[in-house]
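Presented below is the structure to which this report refers.
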Amino acid sequence: MKRAAFRLQPVLELRRTEERAAALAAAEAARAAADADRRATEAEAAVAAALPTGPVSPGAFAAAMVLGRLAAEDAAAARALATASAEQAELVRAAWTSAAQRTKGLERLRERHLQAVRLAEQAAEERTVDDLVTGRSGRRTRTDGEAAWTD
């Protein structure tokens, strides 16, 4: 018996490819967000290190305050970039989830198709066995009008 092919197999393969691409994009976005967060944390630590710790001259104090302000601006920009990267990573992860759901739906259809094919094969096999057991497949009508001995 010829097996019925799953007609949506090319679509399923395309969806699996899309899901893999989305997973790679999500991993890359998560890595970029983690890197941006690390850089922001380092910039924030640099702000604390830029402040004078002991008695300094007024000129050194003014220079330290200017450097501290610049470092704080850099840290704020780095934190904003980290926040934006995290939001972008969340959007990419949501796209991956959506792709996975579309793939899962087609995989369920494929499983239903395979189950239907298995059930049809089992039913055909049972009919064949029933025909053999009951003798219907071997029964023939005689041309002279008499019934065959298996009737």
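The values are calculated or read from the model by the stated rules, or taken from the named source; none is laboratory data. Owing to the predicted nature of the structure, the values given are computational and were not obtained by experimental measurement. Heads up, the Cβs are rebuilt from the backbone with ideal geometry, glycines too, and the neighbour counts pull from every protein chain shown.
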If the Cβ limit is 6 Å and pairs must be 6+ apart or interchain, which residue in the stretch 117-135 that is in a helix (DSSP H, G or I) pairs with which residue that is among the small types (Gly, Ala, Ser)? 117/4; 131/137
Can you tell me which residues in the stretch 55-65 are surrounded by 11 or more Cβ atoms within 10 Å (Cβ to Cβ) and either free of Cβ contacts under 8 Å to residues at least 12 places away in the same chain or of a type in the set (Ser, Thr, Tyr) (or both)? 56, 60, 61, 62, 63, 65
Looking for something assigned to a helix (DSSP H, G or I), among the polar types (S, T, N, Q) and touching a helix residue (DSSP H, G or I) at 6+ places or on another chain (Cβ under 9 Å) - is there at least one such residue anywhere in the stretch 1-19? yes
Filter result for residue 149 (farther than 24 Å from residue 6 by Cβ, aromatic (Phe, Trp, Tyr) and modelled with pLDDT of 95 or more): no
Every listed condition ((1) in a helix (DSSP H, G or I); (2) surrounded by fewer than 15 Cβ atoms within 10 Å (Cβ to Cβ); (3) not aliphatic (A, V, I, L, M)) holds for residue 52 save (1)
It is to be established whether one or more residues within the stretch 83-106 are closer than 30 Å to residue 125 by Cα and surrounded by 14 or more Cβ atoms within 10 Å (Cβ to Cβ). yes
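If you scan the stretch 50-98, which residues turn out to be more than 30 Å from residue 18 (Cβ to Cβ) and under 43 Å from the mean Cα position of the chain (by Cα)?
70, 71, 72, 73, 74, 75, 76, 77, 78, 79, 80
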Looking at 39, 69, which one is assigned to a helix (DSSP H, G or I), more than 30 Å from residue 103 (Cα to Cα) and in contact (Cβ under 8 Å) with a residue 24 or more places away in the chain? 39
